[in-house]
Amino acid sequence: MDIARMTRTTGAVPAGAQRSRGARATAAPILAGPSSAPLRTHPGASRPSFHPTTLTARKSLLIARSTPASSSPPASAAGPRPLPSGPITGAALGDLVSRFKRLQNGSDIRGIALEGVPDQPVTLTPGAVFFIGMAFARWLRSKGQLAPKVSVGRDPRLSGPMLESAFAAGLLQGGAAAVHLFGLATTPAMFYSIVLSGGATSGPSSPAFFTTAASVASAARKAAPLPRDGDDTPPAPAPPPAADLEGQPYTGAVMLTASHLPWNANGLKFFTSAGGLDKPDIAELLQLAVQAAAQAGVAVGDPVSEQAHLLSRALAADPSRTARVPFLPTYAASLRDLIKRGVNSPANYHFPLLGCRVVVDAGNGAGGFFAEQVLAPLGADVSGSVFLAPDGTFPNHPPNPEHPAAMAAGAAAVRAAGAELGIVFDTDVDRSAIVDGSGREINSNRFIALMAAVVLRQHPGTTIVTDSVTSNGLTTFIEQLGGKHMRYKRGYKNVIGAGVKLNGEGVDSQLMMETSGHGALKENFYLDDGAYLAVKAVIEHVRRREEGLGGLSELLAGLPEPAESREWRVKIQSPDFKAVGAQVLSAFRDFVASGAHPDWSLEAVNHEGWRVNVDEGEGRRGWLLLRQSLHDPLLVLNVESEVAGGAEATAARVVGLLRSQSLAALAPLLNLGPLGSLGA
């Protein structure tokens with residue numbers, strides 16, 4: 001059965017669900033020449049809605065004003081700069097390398113995709129995305145996938161349709177045999193397109209992973225022979241016939257998103273059957289993109305050069321190798337199946353959420369489907385849900401479970417609806433948070449504690465891996481439940497990687513979770529998946545309700561919480577900020593070890609920066625962590641205290657060190673910001 005026949009959606013929102021006002025807008029088509037056959041669209045494909053206040057931004061996009069200030073000097077008396085002729089070499093090649101290198105953000109690619117914010121020039125242009133798509137197809141081929149089949153999804157950002165088209169065109173140019181455009185999607189759904197098509201071999205014990213996989217068929221058709229990549233490159237092998245591609249799994253999946261960043265940003269996340277690409281993979285991709293752009297002689301960032309190349313490639317593209325496929329309904333079906341199996345209601349197996357009132361706050365990102373296509377079909381009343389409509393301007397609050405405005409909106413919606421449970425998603429649904437029936441916000445340490453309690457009941461004694469800024473109370477909570485707690489570095493990839501390593505060494509680690517809301521389970525392919533965490537929370541809520549155990553807050557009754565929790569950031573004003581930060585951290589470690597403050601003691605194990613235990617008297621324990629930011633020129637100070645005023649008192653001691661004679665040479669390079677007032 002073709003995926004299009006099994007997934008049909010109207011895009012409707014249940015009555016009562018709040019939508020932001022907005023006019024309908026047509027997504028940009030895949031790049032195709034005027035003589036080409038139109039892009040095939042599967043039944044059920046729908047278009048996102050956009051907020052009317054975005055007209056100016058959309059106009060900017062349509063007239064291709066997405067050009068960084070530094071990329072093309074204005075015309076002058078001497079005339080405009082001539083376009084490059086032939087391959088880009090020499091100093092210009094160095095500029096091209098720098099342009100692409102700046103797009104790497106750890107294991108993702110991110111940049112500014114639209115004008116409109118002062119001092120934020122466009123860096124992620126359609127041309128850059130085209131060559132990144134070309135690079136990904138070539139990268140897959142270099143790993144043995146000679147006829148790559150790639151799925152592409154996006155969040156509702158205004159730049160999404162244009163970049164989706166440019167990326168797909170690049171994939172085809174790079175040798176992809178089939179490209180399926182999902183339109184609105186989520187980051188976890190993109191990996192699940194590989195899973196549900198049979199491309200990954202282990203995961204949750206759900207029949208959806210076996211029955212659905214056989215039904216997810218390729219919509220690709222026979223492709224024309226691929227063109228030469230260059231005079232010195234042999235022609236790519238012809239892709240297999242359509243009959244051989246039919247039913248084959250996706251070999252790669254890509255999500256266009258910038259997570260919680262503002263409307264003008266965008267980015268790309270990449271997956272294969274092995275999971276998400278990591279930092280070295282992204283660096284390799286960007287090198288391949290530079291190589292492709294330089295060989296083509298395209299000055300990425302120059303709109304004339306970019307557009308000339310994109311249009312010429314569009315005229316040569318074979319539209320039979322692309323298709324629009326609505327995948328979210330298939331993904332939603334797998335999530336519904338997980339809830340059915342998890343609740344396992346003898347009376348209402350297929351409708352286990354009858355009588356439940358659940359609120360979803362999607363923040364106008366891609367998570368509205370969870371209310372409409374996952375919870376409601378199982379019987380839940382989701383009429384109190386808010387901000388379900390995709391809107392790339394994010395007009396109501398930042399779609400970020402770490403942001404106070406997002407959590408406050410979710411809590412208000414729960415109270416207004418009299419709901420038992422609330423779920424708050426970020427833009428691309430790889431993060432989530434929970435709100436209980438009283439409106440209590442369950443994110444950060446509380447959400448980790450909730451998931452730890454669920455996992456430890458299923459896997460007694462397992463090790464829970466978190467980032468470095470989790471509380472002492474969380475450690476106590478995990479240990480009281482019989483588990484072990486390992487703190488590692490900030491960065492969800494670091495946290496997940498530590499769990500993978502533990503399991504490889506024979507140490508059972510079922511949950512890896514960061515205070516940001518990124519959480520991965522071993523049973524779910526180690527995928528950071530906000531929807532999967534929400535599914536686990538819904539199952540636990542229903543289980544506790546049916547067994548008369550109270551709500552999720554009762555599960556957290558044993559979690560000690562600090563009186564205060566604060567974070568301060570110190571800007572390092574030096575191009576060599578890593579070295580400066582390392583010197584400060586070394587001095588800080590020596591300062592603590594010197595015993596200048598007898599009530600301070602270094603944590604036994606530190607994976608980043610230095611964590612210090614603070615004896616606050618009468619059995620009360622605080623802590624502080626001074627660490628260097630993963631990517632930015634910052635020192636970050638986190639402090640928790642069990643006494644009122646304790647956080648600032650501890651931070652003031654750190655300020656004293658930063659202003660001491662031992663760091664006098666570095667003091668001019670440290671902008672203490674608000675932290676500086678504590679040492680005044």
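Kindly indicate the residue of segment 119-152 that is among the charged types (D, E, K, R), in contact (Cβ under 8 Å) with a residue 60 or more places away in the chain and outside any helix (DSSP H, G or I) and also farthest from A292 (Cα to Cα) among those meeting that condition.
Restricting to residues being among the charged types (D, E, K, R), in contact (Cβ under 8 Å) with a residue 60 or more places away in the chain and outside any helix (DSSP H, G or I), the top hit is K149.
Residue by residue through segment 659-678, note down the ones that are surrounded by 20 or more Cβ atoms within 10 Å (Cβ to Cβ) and at pLDDT below 95.
Of everything in segment 659-678, those that are surrounded by 20 or more Cβ atoms within 10 Å (Cβ to Cβ) and at pLDDT below 95 turn out to be L672, L675.
Could you please give the count of residues in segment 526-551 that are in contact (Cβ under 8 Å) with a residue 24 or more places away in the chain, over 26 Å from Y331 (Cα atoms) and of a type outside the set (G, A, S)?
Looking only at that region, the number is 2.
Scan segment 556-574 for residues that are over 21 Å from N613 (Cα atoms) and over 28 Å from the mean Cα position of the chain (by Cα) and jot them down.
Within segment 556-574, A557, G558, Q573, S574 meet the criteria.
Please work out if L637 is hydrophobic (A, V, I, L, M, F, W, C), outside the structural domain of N105 (by TED's automatic domain parsing) and touching a Lys or Arg at 6+ places or on another chain (Cβ under 6 Å).
no
Pick out the one residue from R357, R313, R341, R321 that is farther than 29 Å from L140 by Cβ and in contact with a helix residue (DSSP H, G or I) (Cβ under 7 Å, 6 or more places away or on another chain).
Among R357, R313, R341, R321, only R357 is farther than 29 Å from L140 by Cβ and in contact with a helix residue (DSSP H, G or I) (Cβ under 7 Å, 6 or more places away or on another chain).
Which condition number does L93 fail, the rest of (1) closer than 22 Å to F270 by Cα; (2) of a type outside the set (G, A, S); (3) at pLDDT 90 or above being met?
Going through (1) closer than 22 Å to F270 by Cα; (2) of a type outside the set (G, A, S); (3) at pLDDT 90 or above one by one, L93 breaks only (1).
Which one is nearest to F525 (Cα to Cα), of the residues in segment 467-498 that are under 22 Å from the mean Cα position of the chain (by Cα) and basic (K, R)? Before you say what the answer is, go through the steps one by one.
We begin by selecting, within segment 467-498, every residue under 22 Å from the mean Cα position of the chain (by Cα); these are 467-470, 487-498.
Those still in the list that are basic (K, R) too: 487, 489-490, 493.
Details: R487: 21, K489: 21, R490: 20, K493: 13 Å.
Top of the filtered list is K493.
Output the number of the condition that S385 fails; it satisfies all remaining conditions of (1) hydroxyl-bearing (S, T, Y); (2) surrounded by fewer than 24 Cβ atoms within 10 Å (Cβ to Cβ); (3) touching a strand residue (DSSP E or B) at 6+ places or on another chain (Cβ under 8 Å).
If we test S385 against (1) hydroxyl-bearing (S, T, Y); (2) surrounded by fewer than 24 Cβ atoms within 10 Å (Cβ to Cβ); (3) touching a strand residue (DSSP E or B) at 6+ places or on another chain (Cβ under 8 Å), just (2) comes out false.
Quick check, is G656 in a loop (DSSP other than H, G, I, E, B), modelled with pLDDT under 95 and small (G, A, S)?
So G656 fails the test.
Any idea which residue in segment 276-298 is nearest to G170 (Cα to Cα), counting only those that are surrounded by fewer than 19 Cβ atoms within 10 Å (Cβ to Cβ) and small (G, A, S)?
Only one residue fits best here, namely G297.
Filter segment 299-335 down to the residues that are without any contact (Cβ under 8 Å) to a residue 60 or more places away in the chain and surrounded by 21 or more Cβ atoms within 10 Å (Cβ to Cβ) and list them by number.
A332 - this is the single residue of segment 299-335 that is without any contact (Cβ under 8 Å) to a residue 60 or more places away in the chain and surrounded by 21 or more Cβ atoms within 10 Å (Cβ to Cβ).
The values are calculated or read from the model by the stated rules, or taken from the named source; none is laboratory data. Keep in mind the model is a prediction, meaning the values are calculated, not measured. As a convention, Cβ positions derive from the backbone with ideal geometry for all residues, glycine included, and neighbour counts pool all protein chains shown.
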